[in-house]
1. Do we find that Pro68 is buried (at least 16 other Cβ atoms within 10 Å of the Cβ), at pLDDT 65 or above and under 27 Å from the mean Cα position of the chain (by Cα) in this structure?
2. Would you point out which residue out of Gly79, Gly117, Gly49 is small (Gly, Ala, Ser), within 19 Å of the chain's Cα centre (by Cα) and at positive phi?
3. In the range 175-200, which residues are surrounded by fewer than 21 Cβ atoms within 10 Å (Cβ to Cβ), touching a strand residue (DSSP E or B) at 6+ places or on another chain (Cβ under 8 Å) and more than 26 Å from Val231 (Cβ to Cβ)?
4. Output the number of the condition that Glu107 fails; it satisfies all remaining conditions of (1) without any contact (Cβ under 8 Å) to a residue 40 or more places away in the chain; (2) surrounded by 14 or more Cβ atoms within 10 Å (Cβ to Cβ); (3) not aliphatic (A, V, I, L, M).
5. I'd like to check something: does the range 42-62 contain any residue that is acidic (Asp, Glu) and closer than 23 Å to Leu248 by Cα?
6. Taking the conditions exactly as written (surrounded by 15 or more Cβ atoms within 10 Å (Cβ to Cβ), closer than 22 Å to Cys37 by Cα and of a type in the set (Val, Ile, Thr)), does Ile256 satisfy them or not?
7. Kindly indicate whether any position in the range 71-90 is among the aliphatic types (A, V, I, L, M), assigned to a helix (DSSP H, G or I) and surrounded by fewer than 17 Cβ atoms within 10 Å (Cβ to Cβ).
8. Quick check, is Gln227 over 20 Å from the mean Cα position of the chain (by Cα), assigned by TED's automatic domain parsing to the domain that holds Leu167 and surrounded by fewer than 14 Cβ atoms within 10 Å (Cβ to Cβ)?
Amino acid sequence: MKRLAPALLLFLAACSGGRELSGEGGERPTIVSLNPCTDAILAEVADPGQLLAISHYSKDPRASSMEPEVAARYASTGGTVEEILALEPDIVVASTFIAPATRAALEDLGVRVETFGSVASVEDSKEQVRQIARLTGDPASGEALVASIERALADAGAVGRPVEAALWQPSGIVPGQGALISDLLRRTGFESYSAVRGMAQADYLALEQVVADPPQVLLIAGSEAGQRHPVLSDLPEMRRESFDTSLLYCGGPTIIRAAERLAQIRQDVS
C-alpha cells in the first residue's frame with residue numbers, strides 16, 4: 001500500500017500540534033487501542049484516563065470481548081489516522097494486521113505503534129498481558145491480571161475422566177488444537193471431539209456427522225441453520241450447551257469468563 005502523501009502528512013502533523021510523548025519525564029503514556037482483544041486487556045491494566053479510546057468493535061456485542069458496561073466507559077475509534085491524531089496518544093496498540101499505510105503515517109508523525117497477534121495458548125496470553133502492562137508503565141497490573149487468570153483456571157480445573165466435547169463455531173467450523181479455546185477446553189476437563197477424529201483448524205462439522213456420531217457435549221457457538229436443527233433434540237446421549245462467541249478468540253480477562261463458563265458446563269455434565 002502507498003504511504004500518505006507528504007502534503008497530507010504535514011497537514012496531519014500540524015493537527016497533532018507537535019506533541020511530545022507524555023511518557024517522557026515519568027508520566028505514564030496515553031494509549032489508543034485498535035483491536036478488541038487488546039481493548040479488553042488495557043481496560044484491566046491501564047490507569048483511569050490512560051486508555052483514550054478502544055476499537056469500535058468493542059462497542060458491538062457481536063464482536064466485543066468486553067462486557068458492554070465496561071466498553072461504555074471508553075470512547076471508540078474507527079482506526080483512521082485523523083481520528084487517532086485527534087486523541088493525541090503516545091502509543092497506538094493494534095493487531096499485526098494494521099494497514100501498512102496507517103502504521104507508516106502514524107510513525108512518520110512520531111506516534112509509537114505496537115502490534116500484537118492472536119494468542120494460541122494460555123501461556124501465550126499471560127505473556128501478552130505482561131507485555132501490554134509494561135507498555136502502560138505498570139507491570140504490577142499485568143501480574144495482578146495474570147494471577148486472576150491462574151486462579152480462575154485453578155478453580156475451573158476438573159478431576160476424573162475428560163468429557164468429550166465438540167465446539168461448533170460460527171460457520172459450522174471447529175477449532176484446531178493450536179487454538180486458545182482448545183487449550184481452555186483441555187484445562188477445564190474436556191477432550192476434543194474434533195481432534196480425536198482427525199479434524200483440523202476451521203474444518204467443517206456437518207450436521208449429519210453430529211447426528212451419526214454425537215459427542216457427549218455439543219458446545220454451540222454459532223447460529224447456522226444446522227446448529228439449530230430440531231433433530232439435535234432427538235439425541236438423548238448428547239448434551240447441548242450454548243457458548244458465547246465473545247469467549248472464543250481473545251485471551252487476557254476473557255480467559256476468566258471462558259473458564260467459568262466451561263467449569264459450569266463440566267459440572268452440569270458430571
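1. Answer is no for this residue.
2. From the options Gly79, Gly117, Gly49, the qualifying one is Gly79.
3. Residues satisfying the conditions are Gln177, Arg186.
4. For Glu107, the failing item is (2).
5. yes
6. So Ile256 fits the description; yes.
7. Our first condition is that a residue be among the aliphatic types (A, V, I, L, M); within the range 71-90, this holds for 71-72, 75, 81, 84-87.
Checking which are assigned to a helix (DSSP H, G or I) leaves us with 71, 81, 84-87.
Now narrow it down to the ones that are surrounded by fewer than 17 Cβ atoms within 10 Å (Cβ to Cβ): 86-87.
For the range 71-90, residues among the aliphatic types (A, V, I, L, M), assigned to a helix (DSSP H, G or I) and surrounded by fewer than 17 Cβ atoms within 10 Å (Cβ to Cβ): present.
8. No; evaluated as a whole, the condition is false for this residue.
The values are calculated or read from the model by the stated rules, or taken from the named source; none is laboratory data. Worth saying up front: this structure is predicted, and the values here are computed from it rather than measured. Backbone-built Cβ (ideal geometry, glycine too); neighbour counts: all protein chains shown.
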